[in-house]
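Trainee: A single structure is presented below for examination.
The values are calculated or read from the model by the stated rules, or taken from the named source; none is laboratory data. For clarity, every value in this text was computed on a predicted model and none was experimentally measured. Heads up, the Cβs are rebuilt from the backbone with ideal geometry, glycines too, and the neighbour counts pull from every protein chain shown.
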Amino acid sequence: MSTLLDSEIRPLNIGLELFSAPFQRENITHTRLDWKPPARGDKEILDLLFRIRSAPRDDLGATARERANKEAIRRIMSGQPVLIGVRPAHEVFAEMTPHTLYHAGPPVDWEDMCGPMKAAFIGALKYENLAQSDEEAEKLITSGKICYSPNHHHGAVGPMTGVTSYSMPVFVVENEIFNNRAYCTINEGIGEVMRFGANGPSVIARLHWLKDTLAPALDAAIGKVGGINLKTIMAQALAMGDEMHQRNVAASLLFYRQIAGPLAEIASGTKNGPEIVTFLVGRNEQFFLNLAMVACKALMDPARGIEHSSVVTAMSRNGTRFGINVSSLDGEWFEAPCNMPQGMYFPGFSAEDANPDMGDSTIVECYGIGGFAMACAPAVVNFVGAGSVTEALNNSMDMQAITVGQNVDLPMPPLDFMGAATGIDIVEVVESGILPIINTGIAHRKPGVGQVGAGIVTPPMETMVAALRAYVDRHGL
Amino acid sequence: MTTVCSRVFPDTYRDSVFLMKISGIAGDCEGVETASAMMGTPRNKELLSASDLLTPEIEWARQDDLVVSIRGTATAAEQALQKVVELLNNQVTIRREGVRVPKSVNEALAADPQLNVAIISVPGEYAAYEALKCLRSGLHTMLYSDNVSIGDERKLKEFATNQGLLLMGPDCGTAVLGEVPLGFVNRTSKGGVGLVSASGTGAQQVMSLVDLFGCGISHCLGVGGRDLKDDIGGLSAMTALKMLDRDPQTEVIAVIAKPPGGATRKALLEIYAKMSKPVILYYADHRDTQPELGAGVTVCDSLEAVAIACCRVLEPQLQSTEAYENILAECSLELPEQPAGRYLRGVFAGGTLCVEALEIAARELPEPVYSNIEIAGSRILDDMATSVGHTLVDLGDDAFSIGRPHPMIDPTLRQERLLQELLDPDTGVVVLDVVLGDGSHPAQAEGIVDTLAEADARTCGRSRRIPVIASVCGTEKDAPSRSQVLRILEQGGVKHCATSSRAVRAALTFLEESK
């Protein structure tokens, strides 16, 4: 029996303010919770949580779920994502045919796709020379000749529309600890780009340039340096003001620094040298975003399929619906209609122009960067409409409440080097009502207009609740 | 021309006591007819609808949204709303500039790993879950909240027992751990009396009397009113007894219990027999206590007897009955000669104090005695809102306080009932309790005195013929102190006795003598 009566009593007050008054008067060290009803006050869900929380425990006091979640974040944190090359999609995806397209988010039918997603599909078919016009492309799709599925079903991710086609070059990242690979297309830069649904001649031309000029040079340079560990870059960039979702200035330069020598060697003397360097360094501060995404994908995948684990292994949106994957429920999507991002709009645009939330980029928040590491990126606090630096610090602290652990590889200097919150636990999310905070770009709802703002968005709570119900069913709780 | 002005604060929670307070402040603004701040639960929406305060905006609110609705002149309602917004934003212990207030038990423990006791007073439907989380984090837990199911209580207590943790409650109002008061507590001297109590006000009464007799308290461990039922099996009481038995500060242990179940009673007897310290026992009803006496326990039939028995163990010079009687007899009892009505009325805030008075009244009075609580010999009121014949009510009971703060926190309910009794021509004498200490409203005495004055005015002085006899439970260290409160009561024409049983006896004598 514990020696309560001999100890210095330190109370935790959960509830009425008046019970703290004597502690204040007597100078008793105490804490008062900023309490809210758990599960947003829903008693039926609270009952599910009670069952989960009172599951049997082992000698160390841990439930099967807690052990499994520890294992999940052990895997997530011990991974080493190494960029080993840039290869054509058809070379790395065994099941890919010229008529295959991959896209962001959970599965979605053509009829249900948002404007930018449809436009990116059309653009990709034109780029692959399967259609000469929009009409031809649409016909091809509606006639069922195009086979499409989510990037996530193939170990891949893609930003915004996330469309990946047969001949597109993709980054290849190997997680050296678990021998799994992940893939992502190359960032196209800003302006009219296919990830926002633009599909005009300039967009197609750029995609060809990426394939024919940039990708071979990058692949060769990466080969020459013998692979690049992306985790090291991410940790450094965090200390340099990037959160790697809406700000990748430092990470992009750090990446360039690693390949600058070999790239110069390869490109020197060719006419392409200056445009390669200009594209990588001069024009594209978000270049590293796709690398952060593919690194996080490579780090998250080993946490899939751990029996009893309630850790979220992916969050993703297709512009219509938001879906999540949960470790022990691997293979199932838990979906709900996407939320609208809350944010700041570029001059001339407003919330009415915004497309619902879109893209696979939310994989970075699963790992603990992006919105989760907002504390590290005070420079973009206003850009994403986080309110204030204090609020950004608070956001990063809030995320600790819904995650399994702190990532020692992602220290956050403004929070005294506390590790970023890693391993979103659906149980903690549903209980606390605190949703994961995602930093995101906002696409125009009309195809091709491009980015109209940036902001903060959260997954719909329904995705978490649906996963929780399935979790209780699956584990017989 | 009045209008209704409303506002929804999404995903915002404040406790009911705080919301009641700001509703009151907004309602008192000039030009405001009525104001209400509450959580947007379906039940609360019904309440708002009944008072014509439900707006479309509030209809759409979720149950974890805070809603405010104010009816008054357009400008007054708008100003009152601004006032409410200000009060919501400035609640100091929730948000302090630059200091992060933890939102979960885990976060609190990460910030201060030395936290070791939780006091939970959230609405009942969430209380068991919070308690489970606290216990799982290794915190001893006091559960002030009620409305926890007996099944959940059993699960929580089994878990606590396995972990060597003490779960006090549910529905535990009073505990003291060394220097630290939890809930409703009187400030007493430190000393050798350790308490295990199934009753909050019962414990407060014993602690205050022990202090009054010049002794002191080591710890007071609450167990909750149902702990000794066989469904629970006295799990918390057993842990508490063991803790006190090995605690070096504690020299004598008082157990304030409600009638235990048969199996639990037997299990407790085994523990009593093994205790190394003297045990003084009070069961709220009077049954055959031979088995307890056989286990070496001193059995008392009133709370004051418990306090006396404890002090007798601690203070060898305080043995004579007169010594205690001299202290307890101190009272102010100049009663009028002619009563107004024939009946005894009691308006209590303390549950056990009400039971104590009720038992005496039911035993002594030839006519039936009514109440909202059931004891052997009393009858249940048909209509809780109206007293009939001899009636003693416990206003802290769910029948009155559901959705409202306990009358010790907010005495409005009790003042309303007291006024009602004083205006009732059948009322001959009123008994009530005033429980002082941390948690209690500091101006209860003033409220009672004001109520007497109002009754006086409304009956043209006739209500002055109804003596109001208060028992004051408190110490000189409380704020306000016992003697300050006694003075306020005396000046306002309220009689007083040292304990609830003495107050009701005085009232019965008055009714008897003036027949």
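Trainee: Considering region B:164-173 alone, what residues qualify as being crowded, with 18+ Cβ neighbours inside 10 Å and out of contact with any His (no Cβ under 7 Å at 6 or more places or on another chain)?
Mentor: B:Leu167, B:Met168, B:Gly169, B:Pro170, B:Asp171, B:Cys172, B:Gly173
Trainee: Can you find, within region A:191-215, the residue that is surrounded by the most Cβ atoms within 10 Å (Cβ to Cβ) among those that are of a type outside the set (A, V, I, L, M, F, W, C) and without any contact (Cβ under 8 Å) to a residue 24 or more places away in the chain? Don't jump to the end; show me each part of the working.
Mentor: Kept after step one, since they are of a type outside the set (A, V, I, L, M, F, W, C), are these residues of region A:191-215: A:191-192, A:195, A:197, A:199-202, A:206, A:208, A:211-213.
From what's left, without any contact (Cβ under 8 Å) to a residue 24 or more places away in the chain: A:201-202, A:206, A:212.
Numbers: A:Pro201: 9, A:Ser202: 12, A:Arg206: 20, A:Asp212: 12.
Ranking the candidates gives A:Arg206 first.
Trainee: Can you tell me which condition A:Ala21 does not meet? The list is (1) farther than 29 Å from B:Thr41 by Cβ; (2) surrounded by fewer than 20 Cβ atoms within 10 Å (Cβ to Cβ), and all the others hold.
Mentor: Result: A:Ala21 passes all but (1).
Trainee: Looking at region B:180-195, which of its residues are in contact with a Cys (Cβ under 8 Å, 6 or more places away or on another chain), surrounded by 24 or more Cβ atoms within 10 Å (Cβ to Cβ) and away from every other protein chain (no Cβ under 12 Å)?
Mentor: First pass over region B:180-195, keeping only residues in contact with a Cys (Cβ under 8 Å, 6 or more places away or on another chain): B:183, B:185-186, B:189, B:191-195.
Next cut, surrounded by 24 or more Cβ atoms within 10 Å (Cβ to Cβ) only: B:183, B:185-186, B:193-195.
The answer is B:Val193, B:Leu195.
Trainee: Specify the residue that is nearest to the other protein chains (Cβ to nearest Cβ); the eligible residues are those in region B:421-453 that are acidic (Asp, Glu), in contact with a strand residue (DSSP E or B) (Cβ under 8 Å, 6 or more places away or on another chain) and outside any strand (DSSP E or B).
Mentor: Step one: list which residues in region B:421-453 are acidic (Asp, Glu), which gives B:421, B:424, B:426, B:433, B:438, B:446, B:450.
Then keep just the ones that are in contact with a strand residue (DSSP E or B) (Cβ under 8 Å, 6 or more places away or on another chain); that gives B:421, B:424, B:426, B:433, B:438.
Next, only the ones that are outside any strand (DSSP E or B) stay: B:421, B:424, B:426.
Working: B:Glu421: 28, B:Asp424: 33, B:Asp426: 37 Å.
Once the filter is applied, the top-ranked residue is B:Glu421.
Trainee: Just to verify a result, which residue in region A:355-401, among those that are of a type in the set (A, V, I, L, M) and within 14 Å of chain B (Cβ to nearest Cβ), is surrounded by the fewest Cβ atoms within 10 Å (Cβ to Cβ)? Please lay out each step first, then the result.
Mentor: Filtering region A:355-401 for residues of a type in the set (A, V, I, L, M) gives A:358, A:363-364, A:369, A:373-375, A:377, A:379-381, A:384, A:386, A:389, A:392-393, A:397, A:399, A:401.
Add one more test, that the residue is within 14 Å of chain B (Cβ to nearest Cβ), and what stays is A:375, A:389, A:392-393, A:397, A:399, A:401.
On the way: A:Ala375: 25, A:Val389: 16, A:Ala392: 24, A:Leu393: 20, A:Met397: 18, A:Met399: 24, A:Ala401: 19.
Only one residue fits best here, namely A:Val389.
Trainee: Yes or no: region B:82-101 includes at least one residue that is basic (Lys, Arg), in contact with a helix residue (DSSP H, G or I) (Cβ under 9 Å, 6 or more places away or on another chain), within 24 Å of B:Ala37 (Cα to Cα) and facing another protein chain (nearest Cβ under 7 Å).
Mentor: Of all residues in region B:82-101, those basic (Lys, Arg) come to B:83, B:95-96, B:100.
Now narrow it down to the ones that are in contact with a helix residue (DSSP H, G or I) (Cβ under 9 Å, 6 or more places away or on another chain): B:83, B:95, B:100.
Right, trim to within 24 Å of B:Ala37 (Cα to Cα) and you get B:83, B:95.
After this cut, where a residue has to be facing another protein chain (nearest Cβ under 7 Å) as well, the list is none.
No, region B:82-101 has no match at all.
Trainee: Here's a follow-up. Which residue is surrounded by the most Cβ atoms within 10 Å (Cβ to Cβ), if the candidates are limited to region B:410-449 and must be acidic (Asp, Glu) and touching a residue at least 40 places away in the same chain (Cβ under 8 Å)? Talk me through it step by step, then tell me what you get.
Mentor: Keep residues of region B:410-449 that are acidic (Asp, Glu), which gives B:410, B:416, B:421, B:424, B:426, B:433, B:438, B:446.
When the remaining residues are screened for being touching a residue at least 40 places away in the same chain (Cβ under 8 Å), the result is B:410, B:421, B:424, B:426, B:433, B:438, B:446.
Values: B:Asp410: 18, B:Glu421: 25, B:Asp424: 20, B:Asp426: 15, B:Asp433: 29, B:Asp438: 22, B:Glu446: 16.
Per the stated criteria, the residue is B:Asp433.
Trainee: Related question: Assuming A:Ala260 fulfils every condition listed in (1) in a helix (DSSP H, G or I); (2) touching a residue at least 12 places away in the same chain (Cβ under 8 Å) apart from one, which condition is it?
Mentor: (2) is the only condition that A:Ala260 fails.
Trainee: Same structure again: Would it be correct to say that B:Arg62 is basic (Lys, Arg) and at pLDDT 90 or above? Full working, then the answer.
Mentor: Details: basic (Lys, Arg): yes; at pLDDT 90 or above: no.
It is false that B:Arg62 is basic (Lys, Arg) and at pLDDT 90 or above.
Trainee: Only one residue in A:Val312, A:Val384, A:Val408 is in contact with a strand residue (DSSP E or B) (Cβ under 8 Å, 6 or more places away or on another chain) and part of a loop (DSSP other than H, G, I, E, B). Which one? Step through it out loud before you land on a result.
Mentor: On the way: A:Val312 fails: part of a loop (DSSP other than H, G, I, E, B); A:Val408 fails: part of a loop (DSSP other than H, G, I, E, B).
Among A:Val312, A:Val384, A:Val408, only A:Val384 is in contact with a strand residue (DSSP E or B) (Cβ under 8 Å, 6 or more places away or on another chain) and part of a loop (DSSP other than H, G, I, E, B).
Trainee: For A:Phe171, state whether it is part of a loop (DSSP other than H, G, I, E, B), modelled with pLDDT of 95 or more and either surrounded by fewer than 22 Cβ atoms within 10 Å (Cβ to Cβ) or in contact with a Phe, Trp or Tyr (Cβ under 7 Å, 6 or more places away or on another chain) (or both).
Mentor: So A:Phe171 does not fit the description; no.
Trainee: Related question: Among what's in region A:322-340 and is aromatic (Phe, Trp, Tyr) and either modelled with pLDDT under 90 or crowded, with 24+ Cβ neighbours inside 10 Å (or both), pick the residue that is farthest from the chain's Cα centre (by Cα). Don't jump to the end; show me each part of the working.
Mentor: Let us first name the residues in region A:322-340 that are aromatic (Phe, Trp, Tyr), namely A:322, A:333-334.
Add one more test, that the residue is either modelled with pLDDT under 90 or crowded, with 24+ Cβ neighbours inside 10 Å (or both), and what stays is A:322, A:334.
Working: A:Phe322: 12, A:Phe334: 16 Å.
If we take residues in region A:322-340 being aromatic (Phe, Trp, Tyr) and either modelled with pLDDT under 90 or crowded, with 24+ Cβ neighbours inside 10 Å (or both), then A:Phe334 is farthest from the chain's Cα centre (by Cα).
Trainee: Quick one: which helices (runs of 4 or more DSSP H) sit completely within region B:53-154 and have at least 1 residues that are under 15 Å from B:Cys5 (Cβ atoms)?
Mentor: Numbers: elements: B:56-59, B:74-89, B:105-111, B:124-136.
Here the list reads B:56-59, B:74-89.
Trainee: Out of (1) at pLDDT below 95; (2) part of a helix (DSSP H, G or I); (3) hydrophobic (A, V, I, L, M, F, W, C), what's the single condition that is false for B:Ile409?
Mentor: Unmet for B:Ile409, out of (1) at pLDDT below 95; (2) part of a helix (DSSP H, G or I); (3) hydrophobic (A, V, I, L, M, F, W, C): (2).
Trainee: Same structure, new question: Output the helices (runs of 4 or more DSSP H) that fall wholly within region A:1-91 and possess 1 or more residues being out of contact with any Lys or Arg (no Cβ under 6 Å at 6 or more places or on another chain) and facing chain B (nearest Cβ under 7 Å), or say none.
Mentor: Working: elements: A:21-25, A:43-53, A:64-78.
Those helices (runs of 4 or more DSSP H) span A:21-25, A:43-53.
Trainee: Please go through region B:115-143 and pick out each residue that is under 19 Å from the mean Cα position of the chain (by Cα) and more than 7 Å from chain A (Cβ to nearest Cβ).
Mentor: Once the filter is applied, which keeps residues that are under 19 Å from the mean Cα position of the chain (by Cα) and more than 7 Å from chain A (Cβ to nearest Cβ), region B:115-143 yields B:Pro123, B:Gly124, B:Ala127, B:Thr141, B:Met142, B:Leu143.
Trainee: Do any residues in region A:86-115 that are over 26 Å from A:Arg321 (Cα atoms) have Cβ atoms under 9 Å from those of residues that are β-branched (Val, Ile, Thr) and part of a loop (DSSP other than H, G, I, E, B), where the two are at least six apart or on different chains, and which pairs are they?
Mentor: A:Val86/A:Ile186; A:His90/A:Thr97
Trainee: Could you count how many residues in region A:181-223 are under 19 Å from A:Asn151 (Cβ atoms) and part of a helix (DSSP H, G or I)?
Mentor: 7
Trainee: List the number of the failed condition for B:Ala35; all other conditions in (1) buried (at least 17 other Cβ atoms within 10 Å of the Cβ); (2) more than 31 Å from the chain's Cα centre (by Cα) hold.
Mentor: (2)
Trainee: Quick test for you: out of A:Gly348, A:Gly305, A:Gly343, A:Gly319, pick the one residue that is surrounded by 22 or more Cβ atoms within 10 Å (Cβ to Cβ), small (Gly, Ala, Ser) and on the phi > 0 side of the Ramachandran plot. Quick ask: steps written out before the conclusion?
Mentor: Working: A:Gly348 fails: surrounded by 22 or more Cβ atoms within 10 Å (Cβ to Cβ); A:Gly305 fails: surrounded by 22 or more Cβ atoms within 10 Å (Cβ to Cβ); A:Gly343 fails: on the phi > 0 side of the Ramachandran plot.
Going through A:Gly348, A:Gly305, A:Gly343, A:Gly319 in turn, just one is surrounded by 22 or more Cβ atoms within 10 Å (Cβ to Cβ), small (Gly, Ala, Ser) and on the phi > 0 side of the Ramachandran plot: A:Gly319.
Trainee: Of the conditions (1) among the β-branched types (Val, Ile, Thr); (2) surrounded by 21 or more Cβ atoms within 10 Å (Cβ to Cβ); (3) within 32 Å of the chain's Cα centre (by Cα), A:Ile45 fails just one. Which one is it?
Mentor: It is condition (2) that A:Ile45 fails.
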